[in-house]
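Heads up, the thing below is written out as structure tokens.
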Amino acid sequence: MFSSNILSLVTFTYGLAGFLYIFAWVFKKPVVGNLGMWAAIIGLLGNTAGIILRWVESYQLGFGHAPLSNLYESLVFFAWTIILLYLFVEYRFKNRIIGAFVAPLAFLAMAYASLSPNISDRIQPLIPALKSNWLIAHVVACFIGYSAFAIAFGVSILYLLKQNDSGEKESLMAHVPSTQVLDELTHQMVMFGFLFLSAGIITGAVWANSAWGRYWGWDPKETWSLITWFLYAALLHARMMRGWHGRRIAILSIIGFAAVLFTYFGVNLLPGLHSYQAM
């Protein structure tokens with residue numbers, strides 16, 4: 001499939017973007033950071049083209065559906081949302097160092113999808129339960145939330161490094177945004193992601209009722225989605241009601257993203273209706 005070839009190239013483009021962002025940060029070369037931005041943009045365009053083409057190819061095969069139904073397609077879409085949201089953050093804050101901690105996440109998602117021998121890129125017909133108008137709304141909402149949490153994770157790592165910096169002018173942290181800016185960006189990304197995760201859980205419940213006749217069944221995916229929701233709800237509560245800032249919020253953000261990863265990948269090892277099948 002031609003779409004898979006395009007998406008394989010996107011994998012290396014995102015890898016190049018991550019490398020250029022890291023190189024620009026370590027060696028203090030803003031021009032290289034600019035190249036990293038363009039590599040990310042080119043990768044995003046290729047990612048978009050690959051998703052659209054895969055959608056078209058599914059119709060050509062006779063069972064057209066949005067390319068959001070299996071592990072391969074979800075990883076491709078996850079990478080797309082990460083880079084799209086990151087480029088907005090880069091434009092908003094005019095700082096490319098954050099890209100050194102975010103672009104590699106998109107690369108890893110694409111690399112897992114494109115290079116893992118355990119993941120098939122074949123386009124397959126939907127099982128009956130997935131033939132619903134709620135498919136796109138549920139998956140898109142969840143992965144926008146996941147991508148926002150991924151960026152919050154990268155910013156939280158950067159915050160902890162900045163906080164422990166010696167303060168020397170030649171330090172790697174010299175051109176990193178202030179801890180106050182990083183703390184606020186983490187908060188904004190978590191709030192944004194929390195809203196979309198909530199929307200994803202709600203649309204998922206409606207979809208479950210349509211498919212299986214119940215809104216909630218304590219499936220492993222549903223259970224871990226709820227755990228993840230409570231973790232981020234606790235983070236927001238701690239910040240808004242308890243006045244938590246800085247290091248404690250960064251650590252909660254990292255823990256929250258670990259829960260996201262388990263919700264996404266870990267539950268595939270458990271029996272359940274929501275488990276992605278790699279092959």
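The values are calculated or read from the model by the stated rules, or taken from the named source; none is laboratory data. Note that the structure is predicted; figures quoted are calculated from it, not measured. For neighbour counting, all protein chains shown are included, and Cβ atoms are generated from backbone atoms with ideal geometry for every residue, glycine included. Calculation scope for accessible area: heavy atoms of the full protein, side chains included, ligands and nucleic acids excluded. Shrake-Rupley method; radii C 1.70, N 1.55, O 1.52, S 1.80 Å.
What number of residues within region 52-70 are surrounded by fewer than 22 Cβ atoms within 10 Å (Cβ to Cβ) and not in a loop (DSSP other than H, G, I, E, B)? Of the residues in that region, 7 qualify.
The listed residues are V267, V260, and the only one of them that is at pLDDT 90 or above, touching a Ser or Thr at 6+ places or on another chain (Cβ under 9 Å) and farther than 23 Å from D165 by Cβ turns out to be V260.
In the list G217, G193, G204, which residue meets the criterion of being outside any helix (DSSP H, G or I), small (G, A, S), farther than 19 Å from I97 by Cβ and touching a helix residue (DSSP H, G or I) at 6+ places or on another chain (Cβ under 9 Å)? Among G217, G193, G204, only G217 is outside any helix (DSSP H, G or I), small (G, A, S), farther than 19 Å from I97 by Cβ and touching a helix residue (DSSP H, G or I) at 6+ places or on another chain (Cβ under 9 Å).
Could you say whether any residue in region 3-16 is farther than 25 Å from Y264 by Cα, in contact with a Phe, Trp or Tyr (Cβ under 9 Å, 6 or more places away or on another chain), at pLDDT 95 or above and not in a loop (DSSP other than H, G, I, E, B)? Yes - at least one qualifying residue is present in region 3-16.
For region 174-193, does any single residue satisfy the condition of being open to solvent by 70 Å² or more (accessible area, probe 1.4 Å) and at pLDDT below 90? Checked against the condition, which is being open to solvent by 70 Å² or more (accessible area, probe 1.4 Å) and at pLDDT below 90, region 174-193 yields at least one hit. Among the residues examined, A205 qualifies as under 25 Å from E222 (Cα atoms) and touching an Asp or Glu at 6+ places or on another chain (Cβ under 9 Å). Among residues of region 195-215 that are touching a residue at least 24 places away in the same chain (Cβ under 8 Å) and crowded, with 16+ Cβ neighbours inside 10 Å, those with a Cβ under 6 angstrom from a residue that is of a type in the set (V, I, T) and in a helix (DSSP H, G or I), sequence gap 6+ or separate chain, pair up as F196/I144.
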